[in-house]
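Novice: I have a structure here, written as structure tokens, and I will follow up with some questions on it.
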């Protein structure tokens with residue numbers, strides 16, 4: 001909007017052209033940012049190959065871009081597919097937990113473990129970051145609300161699951177998520 005106002009008030013053709021070039025650059029960057037955000041919300045790789053390979057790629061890219069050692073242990077069959085809601089939610093939970101570990105916890109090591117049984121999908125995200133006092137961070141009406149932790153909790157609850165956050169100052173953070181899976185009879189009807 002400011003750029004358009006500058007064009008409106010420009011007194012020479014060269015000023016107009018310079019501002020148009022700048023607005024095109026800003027538009028291009030914005031387009032790239034929106035595409036990156038959209039891919040981050042539901043990466044196409046989830047549709048193509050499933051949750052485990054998507055998490056592997058995410059953690060590899062995260063580790064490379066932030067100089068963090070990451071690992072994924074998945075005892076679920078790599079070819080196992082879950083519902084779209086479960087895959088998207090688990091991906092976003094891991095993404096939120098990992099980003100919090102790096103951004104707020106200054107973690108250098110991040111480990112994600114995933115396992116399944118017939119009834120549940122379990123996800124654990126552990127880091128060696130600075131940790132925090134969970135109880136005081138989750139107090140109501142706190143000025144710096146822990147949006148990421150609340151998002152993790154809400155995503156798990158929307159799937160009928162639960163999340164548990166364990167941390168202490170200087171001791172890293174462990175996020176445990178348990179999500180119910182539909183019975184094979186319910187899936188095959």
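Novice: Among the candidates 72, 62, single out the residue that is free of Cβ contacts under 8 Å to residues at least 60 places away in the same chain, part of a strand (DSSP E or B) and under 25 Å from residue 132 (Cα atoms).
Specialist: Numbers: 62 fails: part of a strand (DSSP E or B).
Selected residue: 72, the only one of 72, 62 that is free of Cβ contacts under 8 Å to residues at least 60 places away in the same chain, part of a strand (DSSP E or B) and under 25 Å from residue 132 (Cα atoms).
Novice: Check off (1) closer than 20 Å to residue 156 by Cα; (2) touching a helix residue (DSSP H, G or I) at 6+ places or on another chain (Cβ under 9 Å); (3) at pLDDT below 90 for residue 78 and give me the number that stays unchecked.
Specialist: Checking residue 78 against (1) closer than 20 Å to residue 156 by Cα; (2) touching a helix residue (DSSP H, G or I) at 6+ places or on another chain (Cβ under 9 Å); (3) at pLDDT below 90, the one that fails is (1).
Novice: Considering each of 55, 46, 23 in turn, give the residue that is in a helix (DSSP H, G or I), touching a strand residue (DSSP E or B) at 6+ places or on another chain (Cβ under 6 Å) and without any contact (Cβ under 8 Å) to a residue 60 or more places away in the chain.
Specialist: Values: 46 fails: touching a strand residue (DSSP E or B) at 6+ places or on another chain (Cβ under 6 Å); 23 fails: touching a strand residue (DSSP E or B) at 6+ places or on another chain (Cβ under 6 Å).
55 is the lone residue from the list that is in a helix (DSSP H, G or I), touching a strand residue (DSSP E or B) at 6+ places or on another chain (Cβ under 6 Å) and without any contact (Cβ under 8 Å) to a residue 60 or more places away in the chain.
Novice: Scan segment 1-20 residue by residue and report those that are surrounded by fewer than 12 Cβ atoms within 10 Å (Cβ to Cβ) and in a helix (DSSP H, G or I). Quick ask: steps written out before the conclusion?
Specialist: Going through segment 1-20, the residues surrounded by fewer than 12 Cβ atoms within 10 Å (Cβ to Cβ) turn out to be 1-2, 4-5, 8-9, 11-14.
Scanning segment 1-20 gives 2, 4, 5, 8, 9, 13, 14.
Novice: Okay, moving on. Quick test for you: out of 64, 74, pick the one residue that is under 27 Å from residue 165 (Cβ atoms), loosely packed, with under 11 Cβ neighbours inside 10 Å and assigned by TED's automatic domain parsing to the domain that holds residue 178. Please lay out each step first, then the result.
Specialist: On the way: 74 fails: loosely packed, with under 11 Cβ neighbours inside 10 Å.
Result: 64 is the single residue among 64, 74 that is under 27 Å from residue 165 (Cβ atoms), loosely packed, with under 11 Cβ neighbours inside 10 Å and assigned by TED's automatic domain parsing to the domain that holds residue 178.
The values are calculated or read from the model by the stated rules, or taken from the named source; none is laboratory data. Only a predicted model underlies this, so the values are computations on that prediction, with no experimental measurement involved. Every residue, glycine as well, gets a Cβ built from its backbone with ideal geometry; the counts of neighbours run over all protein chains shown.
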